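Only the coordinates and a few stated rules stand behind these numbers; no lab work does. Being a predicted model, the structure only gives us computed values, none of them experimental. Neighbour counts run over all protein chains shown; Cβ positions are idealised from the backbone, glycine included.
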Amino acid sequence: MHVRDLPLPGPILEHYESGGIETLYPPQVAAVEAGVTEGERLVAAIPTASGKTFIAELAMLTADGPALYIVPLRALAREKYETFAELPGVSVGISTGDFDATDEDLVEEDIVVATAEKVDSAIRNGASWVESLACVVVDEVHLLGSEGRGPTLEVTLATLQRRAPGLQIVALSATVDNPEDIADWLDAELVETTWRPVSLRTGVYADGDVTFDDDSTLGVDADAAGPDGEDETEATAALVADAVANGGQCLAFVRSRREAESLADRLAREELTGASPADCDALAEEVRELGATETCSRLAGTVESGVAFHHAGVRSEHRALVESAFRERRLKVICATPTLAAGVNVPARRVVVRDLKRYTGERMAWLPVLEVHQMCGRAGRPHLDPYGEAVLVSGTDGGPDADELWDRYVTAGPEAVQSKLAARDALRTHVLSVVASGFADSRAGVVDLLDATFFAHQSPDVDRARLVDSVVAELAEMEMLDAGGGTGDGADGTDRLAATELGGVVSRQYVTPETGARLVAGVETAAAMDAANVTELTALEVVCDTPDMQGTYLGNRERAAMYRFASTHAAEFTTGLNDADDFEEWLCAVKLARIFADWTAGESVETIVDRYRIGPGDLEARLERVEWLLGAADAVAAVVDADLPVFREVRDRI
DNA sequence: GTGACCGTTCTCTAGACAGCATGTC
DNA sequence: CTAGAGAACGGTCAC
């Protein structure tokens, strides 16, 4: 099928042709045959880099009205925004937490790119641009199955569908086990394929050799590995060096941040061939200009040899710099944690996955197959590499066994996508938001919306009315919903539901009901305290001790010092030293409060990062969050009639 | 006394979305 | 059903 046969405006066709796109890839042909250009709904479960964006563009450009493109990451939003902005005659807007356009601007746009949460929030706040949509594209729909964020996505999609039944929905998914489930739910055609524009072979390394799934093999010269100490790191280094020596770029995935950094250090010392010194020095200079923390200078150091590390402790600006430098081939290697598995486009000739297990809270667990496949899928750059290679590294004694890796990740398919909306807290926040936004005003209305979710589609037998009843009861208990005194069975005709003022604020501020409740409690305690004791620390403690504020790690050495700090400032805290529900968690909150207090006192990033042993990227993320939560606390304080300007003041200081 | 070497214990662990009101190029 | 890397520490021994 030829591009010029597509029902697109002339300038757009020229744009594609000048970009070298003439014939469609097989998945794209399938999408057109399924009717993407005629307003048909579609679920495309195809590998990354096989032309998903083009399918999305086809849908959006042929839709009879404005389109919305939903992404899971801010960085991805920016990337897509830039791509779409190149389309001639098409206006594009972007809406994410850090990059926001006004409501009026967005109504004007042909295409709006936004994160799922932002769309959810826009719906809650009654934004008008969501009203007139003709087409919605959902990127990475398989995130439906993710614990924290899947529920938001499915409720948002259910709401959008209920608002505009004729809406065209195009969902793009990685290859998963049950794409037909998603297609059924959305009442869409399914296009499923494993076709890729660049062939990919996946292999497992064991004892000096890689065996690929196309029966080819590769000898690896891991010279330093002694007879008894077969070392995964050694093998990884050799695999990386080999790829670079053959003129390719390489991505190495490891388990933790520290290991990403130490692997990068190591590879940098080995002086991989091919890195142009002048260029690397220039890049290192750019890195140094963006900060003076230890992490930063360490990164600059490895970059000098054409190697970088990438994880969430690194500032987002540094991460973006590393990503683009790699795309421009100025960097040879990136050692990364799974940050890089999904996200912006960073393809490489070879991908090496060294650690296939990860520590999760209390135990070591295998990485999900889907995640590993996404890492491997980064191998092979269209038009640049003849092929892509992904290598999983197995170890001997104690390490992952080669056969096990083969069975688990090469032979076996990915997991099925499973709705996580049944989780209590997810249900609570979404039931509240559905009522608060005026979408439903009765239990029956809530159940009705719930019926349209992926959850209901997957578990039709769950008694949703009963579920709603119990969740409503909890929210009423928290004084966020007004259940109108009815019993909820509808028999007495009093099935009326309304959000209380508090419920409305909690929903619009986009905090979870639990956080809302904690804020209320904190604000009330603070209001009852001796005014002289209500300080910056008070406000920070209240806000940091909520589920929406992600905690930090509290090292054993720090604990004693933190306890002492808590004791000396006990009068300023809303929680007594002895009556915290979870003392450990509370100490973490205190640590964060202390970090932010240092920040407002004017301490430099370098000092804070050093003193509390957190990454500059973590600090950055946390600061964004406190600011938001302090705003929410301020709004809650207004509802409970507490005269506490502290929250606002501290927020301004931050 | 000093330093190389080696076994033992201790420490620590991925990621990242959202509000709102002004101000600014 | 399930951990394991690496730093820090501490001790031994040769010179």
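Treat region A:424-502 as a sphere of radius equal to its Kirkwood radius over Cα pairs and apply Stokes-Einstein at 25 °C in a medium of 0.890 mPa s; give the translational diffusion coefficient in µm²/s, rounded to a whole number. Write down the numbers at each step before the final one.
On the way: Rh = 12.4 Å.
So the translational diffusion coefficient is about 198 µm²/s.
Please turn the phi angles of region A:423-429 into ³J(HN,Hα) values with the Karplus equation 6.51 cos²θ - 1.76 cosθ + 1.60 (θ = phi - 60°), one per residue in order, whole Hz, x for glycine and proline.
4, 3, 5, 5, 4, 4, 5
Can you list the HN-Hα couplings for region A:253-262, worked out from phi with the Karplus curve (6.51, -1.76, 1.60; θ = phi - 60°), rounded to whole Hz and with x for Gly and Pro?
Per residue, the Karplus-derived 3J(HN,Hα) values read 9, 10, 7, 10, 4, 4, 6, 4, 5, 6 Hz.
At 222 nm, what helix-only mean residue ellipticity would chain A give, in deg cm²/dmol to the nearest 500, using -39500 (n - 2.57) for each DSSP H run of four or more? Each step should come with its number before you reach the end.
Working: 27 runs with 295 residues, N = 654.
That calculation yields -13500 deg cm²/dmol at 222 nm.
Highest mean first, what order results for A:419-425, A:308-314, A:502-508 on Cβ atoms within 10 Å?
A:308-314, A:502-508, A:419-425
When the Cα centres of region A:362-382 and region A:38-68 are compared, how far apart do they sit, in Å?
The distance from the Cα centre of region A:362-382 to that of region A:38-68 comes to 25 Å.
Over the Cα atoms of region A:200-409, what radius of gyration and what Dmax do you get, in Å?
When restricted to Cα atoms, region A:200-409 yields Rg and Dmax of 16.1, 48 Å.
Can you give me the long-range amide H partners of A:Leu200? Hydrogens built in the peptide plane at 1.01 Å from N, cutoff under 5 Å, separation of 5 or more residues or another chain.
A:Gly388
If packing is taken as the average count of other Cβ atoms within 10 Å, what order do A:533-546, A:512-525 fall into, highest mean first?
Working: A:533-546: 24.6, A:512-525: 21.7.
The most tightly packed comes first, giving A:533-546, A:512-525.
Looking at the calculated P(r) for region A:3-192, what percent of the C-alpha pair distances fall above 30 Å?
Every Cα pair in region A:3-192 considered, those over 30 Å come to 12 percent.
Could you rank the peptides A:402-412, A:143-153, A:577-587 by their average count of other C-beta atoms within 10 Å per residue, with the highest value first?
So the order, starting with the most tightly packed, is A:143-153, A:402-412, A:577-587.
Can you give me the three principal axis dimensions of region A:566-622 from its C-alpha atoms, in Å, biggest first?
Over region A:566-622, Cα extents along the principal axes are 34, 20, 16 Å.
Considering amide H positions built from the backbone, and no H for Pro or chain starts, which residues 5 or more places from A:Val113, or on another chain, come under 5 Å of its amide H?
It is A:Tyr69, A:Gly93, A:Ile94, A:Ser95, by chain and number.
Mean projection of the alpha-carbon convex hull of chain A over all orientations, in nm²?
On the way: hull surface 123.0 nm².
With the hull built on Cα positions only, its mean projection is 30.8 nm².
Enter the Cα centre distance for the pair region A:578-641 and region A:510-565, rounded to the nearest angstrom.
Between the Cα centre of region A:578-641 and that of region A:510-565, the gap is 8 Å.
Using a simple charge model, +1 on the beta-carbon of Lys and Arg, -1 on the beta-carbon of Asp and Glu, nothing else, what dipole does chain A show about its Cα centre, in debye to the nearest 20?
Details: 56 positive and 115 negative charges, 152 e Å.
The dipole of chain A has a size of about 720 debye.
Mind listing the phi-derived Karplus ³J(HN,Hα) values for region A:573-580, rounded to whole Hz, using 6.51, -1.76 and 1.60 with θ = phi - 60°, and x for any glycine or proline?
For region A:573-580, the Karplus curve yields 8, 7, 10, x, 4, 9, 10, 6 Hz.
Counting other beta carbons within 10 Å of each residue's own, what order do A:His142, A:His2 fall into, fewest first?
Numbers: A:His142 26, A:His2 9.
With the fewest neighbours first, A:His142, A:His2 line up as A:His2, A:His142.
Over all distinct alpha-carbon pairs, what is the Kirkwood Rh of region A:513-653 in angstrom? Numbers along the way, then the final one.
Numbers: mean 1/r = 0.0666 Å⁻¹.
By the Kirkwood definition, the hydrodynamic radius is 15.0 Å.
Name the long-range amide H neighbours of A:Asp209: under 5 Å, sequence gap of 5 or more, or other chain; modelled H, no Pro or chain starts.
HN-HN under 5 Å from A:Asp209: A:Val220.
Over the residues of region A:31-135, compute the C-alpha Rg and express it relative to 2.2 N^0.38 Å. Walk me through the intermediate numbers first.
Working: Rg = 13.4 Å, N = 105, 2.2 N^0.38 = 12.9 Å.
After normalising by residue count via 2.2 N^0.38 Å, the value is 1.04.
Please report the net charge: other residues with Cβ closer than 9 Å to the Cβ of A:Val609, K and R +1, D and E -1.
On the way: positive: A:Arg611, A:Arg613; negative: A:Glu294, A:Glu606, A:Asp610, A:Asp618.
Result for the local shell: -2.
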